[in-house]
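The values are calculated or read from the model by the stated rules, or taken from the named source; none is laboratory data. Source: prediction; values computed, not measured. Cβ placement follows ideal geometry from the backbone for every residue including glycine, while neighbour counts extend to all protein chains displayed.
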């Protein structure tokens with residue numbers, strides 16, 4: 001059985017309760033959730049939806065490598081850095 005995605009309001013409430021409202025990648029997740037909801041409610045066209053997804057991706061790429069050396073603090077990992085393929 002597939003998990004049901006939270007509504008944007010539920011996600012925002014959760015982020016606020018967890019003190020995660022300042023984590024940019026989680027705010028991006030909220031942004032994408034709201035975008036999906038808007039697409040469903042308004043019938044947003046595919047071109048506009050794609051453009052806004054691309055805008056969100058560019059914003060995510062601007063976050064950069066701020067987290068390097070801060071993996072445990074940033075992502076809640078234990079001990080040391082996280083490398084591609086780990087996990």
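Residues in region 44-56: is at least one touching a residue at least 24 places away in the same chain (Cβ under 8 Å), assigned to a helix (DSSP H, G or I) and surrounded by 12 or more Cβ atoms within 10 Å (Cβ to Cβ)? First the steps, then the outcome.
Filtering region 44-56 for residues touching a residue at least 24 places away in the same chain (Cβ under 8 Å) gives 56.
Subsequent filtering for residues that are assigned to a helix (DSSP H, G or I) retains 56.
Remaining after also requiring surrounded by 12 or more Cβ atoms within 10 Å (Cβ to Cβ): 56.
There is at least one residue in region 44-56 that is touching a residue at least 24 places away in the same chain (Cβ under 8 Å), assigned to a helix (DSSP H, G or I) and surrounded by 12 or more Cβ atoms within 10 Å (Cβ to Cβ).
In the list 41, 27, which residue meets the criterion of being in a helix (DSSP H, G or I) and either at pLDDT below 85 or surrounded by 11 or more Cβ atoms within 10 Å (Cβ to Cβ) (or both)?
On the way: 41 fails: either at pLDDT below 85 or surrounded by 11 or more Cβ atoms within 10 Å (Cβ to Cβ) (or both).
Result of the check over 41, 27: 27.
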Self-check item: Residue list for region 7-19, restricted to those being surrounded by 15 or more Cβ atoms within 10 Å (Cβ to Cβ) and free of Cβ contacts under 8 Å to residues at least 24 places away in the same chain
Solution: 11, 12, 15
Quiz item: Within region 4-22, which residues are part of a loop (DSSP other than H, G, I, E, B) and at negative phi?
Solution: 4, 5, 6, 7, 18, 20, 21, 22
Exercise. List the number of the failed condition for residue 69; all other conditions in (1) loosely packed, with under 12 Cβ neighbours inside 10 Å; (2) under 14 Å from the mean Cα position of the chain (by Cα) hold.
Key: (2)
